[in-house]
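Accompanying notes for the structure given below.
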């Protein structure tokens, strides 16, 4: 398996509490991998380790074959790792189009140019509009971002991430906090992204139906450890996974997320 992302004995402790313990998995290039587990399993902590928000107590993380364990989140982003958060990160007082155009421009050599050449500016706008079309926001390009619904803000954030042309997308609960009516649209947005075989996607999501519809591969975390990994159809029949979910509520008070 040709892995874009790999962890080796990845662990982190907070005081005496070991939250992630010796986790080993690989995210294959061009595949859609979901990290699942009951509440308190350690999924978000693992995501924070992968993206550089936290540093491991021990173990290593490899991206594109390079050891990135000690790199900052910004350095990982420059290497091609993009992450969305449960809370949106947008420029609320700019228009939808300008949010994405600035993200497109940040990838260009003339990023710091105050007055970019008209031809380059037009290309940036064209790319921004293409991305807005992908996330179904093209009709709202002139709206101020602050006036979007929560679900629309999530879509805008995804478009901004795609503008950075990441090799790896880390999606942290993209449906968190959005209305039931908006969930199918977010699902369709992610399906659009998946169609691009160049994108490797790692997802955390509690909606198991969504996970099963999207994923090529599952990694199941339970009590901070890797319980099992494999194809969705096989994993969901695994007795250990069923027991972990059925018994997960009793572990939620442990403080792991």
**Message:** Checking the condition touching a helix residue (DSSP H, G or I) at 6+ places or on another chain (Cβ under 8 Å) and either on the phi < 0 side of the Ramachandran plot or surrounded by fewer than 23 Cβ atoms within 10 Å (Cβ to Cβ) (or both), which residue from 184, 174 passes?
**Reply:** 174
**Prompt:** Just one of the numbered conditions (1) farther than 28 Å from residue 67 by Cβ; (2) modelled with pLDDT of 75 or more is not true of residue 120; which one?
**Reply:** (2)
**Message:** So, residue 170, is that one assigned by TED's automatic domain parsing to the domain that holds residue 46, at pLDDT below 95 and not in a helix (DSSP H, G or I) or not?
**Reply:** yes
**Prompt:** Is it the case that the range 227-248 has a residue that's at pLDDT 85 or above, loosely packed, with under 15 Cβ neighbours inside 10 Å, assigned to a helix (DSSP H, G or I) and under 22 Å from the mean Cα position of the chain (by Cα)?
**Reply:** no
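One line per residue, one yes/no per condition, for (1) part of a helix (DSSP H, G or I); (2) in contact (Cβ under 8 Å) with a residue 12 or more places away in the chain:
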| site | (1), (2) |
| --- | --- |
| 188 | yes, yes |
| 191 | yes, yes |
| 198 | no, yes |
| 209 | yes, no |
| 213 | yes, yes |
| 221 | no, yes |
**Prompt:** On the given criteria, is residue 189 at pLDDT 90 or above and in contact with a strand residue (DSSP E or B) (Cβ under 6 Å, 6 or more places away or on another chain)?
**Reply:** no
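The values are calculated or read from the model by the stated rules, or taken from the named source; none is laboratory data. Being a predicted model, the structure only gives us computed values, none of them experimental. Ideal geometry is used to build each Cβ from the backbone, glycine not excepted, and the neighbour counts take in all protein chains shown.
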